[in-house]
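The values are calculated or read from the model by the stated rules, or taken from the named source; none is laboratory data. All values reported here derive from a predicted model rather than from experimental measurement. Here Cβ is always computed from backbone atoms with ideal geometry, including for glycine, and neighbour counts include all displayed protein chains.
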Amino acid sequence: MIQQIDHIGIAVKDLEEVKAYYEKSLGLKCEATEEVESQKVRTAFFHAGEVHIELLEPTDPESPIAKFLEKKGEGIHHIAFRTDNIEGQLQHAKDSGVKLIHEVPFEGAANKLVAFLHPKSTHGVLTEFCMEKPD
């Protein structure tokens, strides 16, 4: 079951430059930065109320984020919904006709399991399910 919006992912060309904007201009505090090798990105997380902002900078020109930036430029990349049963959410989406990018969750940033739904099936919005990794 979806619990809430977990985070909004924003593709950026220069993580340090955009991080400084969020800190200096918006007054938000960066909670953590992390490199996610499986997705070829560096991330920075900011807490904004009940939702996090995840900045995503590509570490490889062939990464999905680099391709997004090349095609669309900087901006909102995806919306992530927190769930307590990621496999169940994926199955429910698949059963309702949504095309999955990932049939099996994988390890993402912030110690979470993640999986994405294809934007062609979600009215143009890249959608992520995420769940805290079980111990």
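List of remarks:
- Scanning region 113-131 for residues that are surrounded by 13 or more Cβ atoms within 10 Å (Cβ to Cβ) and either farther than 22 Å from V41 by Cβ or modelled with pLDDT under 95 (or both) gives a single hit, S121.
- Filter result (surrounded by 19 or more Cβ atoms within 10 Å (Cβ to Cβ) and among the β-branched types (V, I, T)) within region 79-103: T83, I86
- Once region 30-64 is narrowed to residues that are more than 23 Å from P105 (Cβ to Cβ) and of a type in the set (G, A, S), the residue that is surrounded by the fewest Cβ atoms within 10 Å (Cβ to Cβ) is G49.
- Flag if I76 is surrounded by fewer than 19 Cβ atoms within 10 Å (Cβ to Cβ), in contact (Cβ under 8 Å) with a residue 60 or more places away in the chain and either touching a helix residue (DSSP H, G or I) at 6+ places or on another chain (Cβ under 8 Å) or not basic (K, R) (or both): yes
- Filtered by the rule that a residue be among the basic types (K, R) and touching a strand residue (DSSP E or B) at 6+ places or on another chain (Cβ under 6 Å), region 95-135 gives K112, K133.
- Residues located in region 104-134, provided they are among the small types (G, A, S) and under 12 Å from the mean Cα position of the chain (by Cα): G108, A109, A110, A115
- Taking the criterion of being outside any helix (DSSP H, G or I) and closer than 18 Å to K67 by Cα, the residues of region 1-40 that qualify are G9, I10, A11, V12, K13, D14, E35, V36, K40.
- Residues that are in a loop (DSSP other than H, G, I, E, B) and either of a type in the set (D, E, K, R) or touching a strand residue (DSSP E or B) at 6+ places or on another chain (Cβ under 6 Å) (or both), drawn from region 41-58: E50
- The listed residue being of a type in the set (S, T, Y) and in contact (Cβ under 8 Å) with a residue 60 or more places away in the chain, out of S38, S25: S38
- Considering residues of region 101-135 that are small (G, A, S) and in a loop (DSSP other than H, G, I, E, B) only, the residue nearest to F68 (Cα to Cα): G124
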